[in-house]
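One structure is given below, encoded as structure tokens.
The values are calculated or read from the model by the stated rules, or taken from the named source; none is laboratory data. Predicted, not measured: the structure shown is a model, and the values here were computed from it. A quick note on method: Cβ atoms are made from the backbone with ideal geometry, for glycine too, and the neighbour counts reach across all protein chains shown.
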């Protein structure tokens, strides 16, 4: 008899995996967070640059980046008093790219 792997689609998911997956989809369900992730996919940006390029308030950007950072979807580096953000999960970026491609086919 063949043993099934934990990541097999017909196996039950453990609670931690379910929580992480649902939080990731929650993060991707918000248009503002999608815009931020899409921008960060293109390259590193400071909070001010993100706010300016996306016509958002700095406080809004900071709030959304904190949410994304807690899920480890973005990472940052400090340079002086500025924080520079970039994406931190190629899997999620691939999911985002595939979703955009899917949406553009309709």
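Taking segment 65-76 only, how many residues are farther than 13 Å from residue 40 by Cα and touching a residue at least 24 places away in the same chain (Cβ under 8 Å)?
Counting residues in segment 65-76 that are farther than 13 Å from residue 40 by Cα and touching a residue at least 24 places away in the same chain (Cβ under 8 Å) gives 2.
Which one is nearest to residue 95 (Cα to Cα), of the residues in segment 11-40 that are within 16 Å of the chain's Cα centre (by Cα) and exposed (fewer than 12 other Cβ atoms within 10 Å of the Cβ)?
Per the criteria, the residue is 25.
Would it be correct to say that residue 8 is closer than 26 Å to residue 103 by Cβ, modelled with pLDDT under 95 and surrounded by fewer than 16 Cβ atoms within 10 Å (Cβ to Cβ)?
Considered against the rule, which asks whether it is closer than 26 Å to residue 103 by Cβ, modelled with pLDDT under 95 and surrounded by fewer than 16 Cβ atoms within 10 Å (Cβ to Cβ), residue 8 comes out as no.
Write out, first by first residue and then by second, each pair whose Cβ atoms fall under 6 Å of each other, whose residues are 6+ apart or on separate chains, and whose first residue, in segment 95-106, is on the phi < 0 side of the Ramachandran plot and touching a residue at least 40 places away in the same chain (Cβ under 8 Å) while the second is part of a helix (DSSP H, G or I) and surrounded by 10 or more Cβ atoms within 10 Å (Cβ to Cβ).
96/37
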